[in-house]
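Worksheet: one structure, shown below.
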Amino acid sequence: MDIDTLRKNTPGTANRVHLNNAGAGLLSRQTLEAMTSHLELEAAIGGYEAADRERERIDATYANIARLVGGRPDEVALFDNSTHAWNAAFYSMTFKPGDRILTGRAEYGSNVLAYLQVAQRTGAEVVVVPDDEYGQLDTAALANLIDERTKLVGVSHIPTSGGLVNPAAAIGRITRAAGVPFLLDATQSVGQFPVDVAEIGCDMLTATGRKFLRGPRGTGFLWVRPEALEYLDPFVTEIEAATWDGKRGFTWHDGARRFETWEVSYAGVLGLDAAVRQALDLGLDQIGKRAIALGAYLRDRLETLPGVTTYDLGRNRCAIVTAKVDAVPTAEVAAALAHHSINVTTTVPEHTQFDTENRAVHPLVRLSPHYYNTEAELDRAVDVFAELAHAAR
C-alpha cells in the first residue's frame with residue numbers, strides 16, 4: 001500500500017490522529033466526491049431525476065457489496081444503518097414458547113435487547129454460550145447446546161468492546177450441520193479484513209458503511225442466503241418490498257430487496273459504493289494484514305507500559321485495542337488523548353451486557369487504527385498513556 005497517497009486522499013489525517021475507526025472511519029476524497037456530486041445533481045435537476053440519471057451506478061452498489069462478501073447482488077438489501085438491517089432479519093423470524101436463541105457473551109447491546117424483547121413477547125429463551133479458554137465463543141459448548149428447540153444462533157463477529165474475533169466459520173459449520181439459522185453481525189469485521197459468506201456458512205449477515213469500510217454514516221446492508229427466505233417473513237411491508245396483486249393480496253419481491261424500504265439517501269448509497277469499490281481495489285487481504293498488524297503493534301506497546309492494562313480477548317485479535325490506566329478514570333484518559341488531537345472512544349457497560357456480567361471491566365479506552373494510520377501516530381497515543389500512567393504512580 002502507498003500509505004502516503006492514501007493519507008493525502010483522506011482529508012481527516014491532516015489534523016487528527018484518528019483511532020476511532022470502530023466508531024466511524026475517515027472518508028476518502030473519492031467517497032466524499034461521490035456524495036457531494038450527487039447532492040449537487042439533486043439540487044440542480046431534482047431528487048427523482050437525479051436518481052433516474054444515476055440508476056446504473058446505484059444498482060451497481062448491490063453487485064459491489066456482493067463481491068465484498070462473496071454473495072450475489074440479489075442477496076443484498078440496503079439500509080440506513082446496520083441495526084435496521086439486523087432488525088429486518090431477526091424480527092422476520094417466528095418464535096414460540098420454548099424456542100431457544102443462542103448467542104455469545106460478546107453480543108452487541110442492541111441485539112441483546114432485541115433477544116430479550118422477543119423472549120418476553122413469545123416465551124422463547126435466550127441462552128448465552130460460554131467462552132472458551134481464549135475468551136471467544138466456545139464452539140464445543142455451542143455444539144452441545146444446539147437441540148431441536150434451537151431456532152437461531154446469533155453472534156457478533158467482533159464485539160464493540162474489544163479486539164476479539166469470534167470463530168465465525170467454525171460456528172457456521174456447526175449451524176449448517178444442525179440445520180439452524182445463523183445470523184452474523186459483521187458490523188466491525190466487514191472492511192477490516194476479508195469476510196466471505198460462503199466460507200463462514202452464515203445464513204444472514206449485516207454490516208455498516210461507516211466503520212472500517214470508511215463509508216458515510218446512515219448506510220448499512222443485509223445479506224441473506226436464498227434458502228433463508230423460506231423462513232423469513234419481513235416484518236415491514238411496503239411498496240419497495242412487495243407488489244399488490246390487484247385484489248386483497250400481494251407478492252414479495254424476489255431476493256433480499258423484499259426487506260428494503262422505498263425511500264433512501266442516494267447520496268449515501270453512492271458514497272457507500274465508492275467506499276466499497278475502494279476497499280475492493282486495495283484488496284481486503286492487504287487491508288486486513290495492515291490493520292491487524294497495526295492493532296498488534298499498538299497492543300504490544302501498551303502492554304509494555306507499567307500501570308497500563310489491555311483487555312482484548314480471543315485467540316485471534318483484530319485492530320481494535322482496549323486498555324485502561326491504573327488509578328486514572330477512563331474518561332480522563334480519553335480526554336487527554338483528545339487534548340492531543342487523538343480520536344478514541346470508550347466502551348459502555350450497557351453495550352455489551354453479557355460481557356459486563358462476566359468481566360465487569362468497562363468502561364475501557366477503545367483505540368481502533370486502520371490501514372491509513374501510521375506507526376508514528378500510534379506512538380503518539382502510547383506516549384499519552386505513558387505520561388498518564390507515570391503521573392498516577
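The value of relative contact order for the range 29-281, using C-alpha pairs under 8 Å at least six residues apart, is 27 percent. Compute log10 of I(q)/I(0) for the range 79-191 with the Debye formula, placing one identical point scatterer on every Cα and leaving out solvent, at q = 0.21 Å⁻¹, to two decimals. Rounded to two decimals, the profile gives -1.22.
Full extension of the chain between A169 and A327 yields a length gain of 52.9 nm, computed as 0.36 nm times the residue separation minus the alpha carbon distance. Based on Cα contacts under 8 Å between residues 6+ apart, the range 312-376 shows a relative contact order of 39 percent. Largest mean-square fluctuation among W223, W244, W252, in a Gaussian network model of the chain whose springs join Cα atoms under 10 Å apart, belongs to W244.
Extension gain, T122-Y48: 0.36 nm per intervening residue step, less the Cα-Cα distance, totals 22.4 nm. Here the sum of -39500 (n - 2.57) over DSSP H runs of 4 or more residues, divided by the residues of the chain, equals -12500 deg cm²/dmol at 222 nm, to the nearest 500.
For the range 112-270, the Cα-based Rg and Dmax, in that order, read 17.4, 59 Å.
Just checking the listed ones, G104, G12, G163: in the Gaussian network model of the chain with Cα springs under 10 Å, the one fluctuating most is G12. In this entry, the range 237-281 is assigned a mean projected area of 4.0 nm², taken as a quarter of its C-alpha convex hull surface.
Across all C-alpha atoms in the range 1-144, the radius of gyration and Dmax reach 21.3, 60 Å. The length gained by stretching the chain between T304 and N316 to full extension, at 0.36 nm per residue less their Cα-Cα distance, is 2.3 nm. As a rough footprinting exposure proxy, the listed residues K211, K151, K247 were ranked by other beta carbons within 10 Å of their own, and the order from fewest upward is K247, K151, K211. For the range 271-326, the C-alpha radius of gyration divided by 2.2 N^0.38 Å, with N the number of residues, is 1.45. The alpha carbons of the chain give a radius of gyration and a Dmax of 21.4, 76 Å, in that order. Taking springs between alpha-carbon atoms closer than 10 angstrom, which of M35, M93, M204 fluctuates most in the Gaussian network model of the chain? Maximum fluctuation in the GNM of the chain, among the listed residues, is at M93. Of the trypsin sites (Lys or Arg not before Pro) found in the range 307-380, those that fall in a DSSP loop while having at most 16 other beta-carbon atoms within 10 Å are R315.
Only the coordinates and a few stated rules stand behind these numbers; no lab work does. Fair warning: this is a prediction, and the values are worked out from it, not measured in the lab. Using ideal geometry, Cβ is built from the backbone for each residue, glycine included, and neighbour counts are taken over all protein chains shown.
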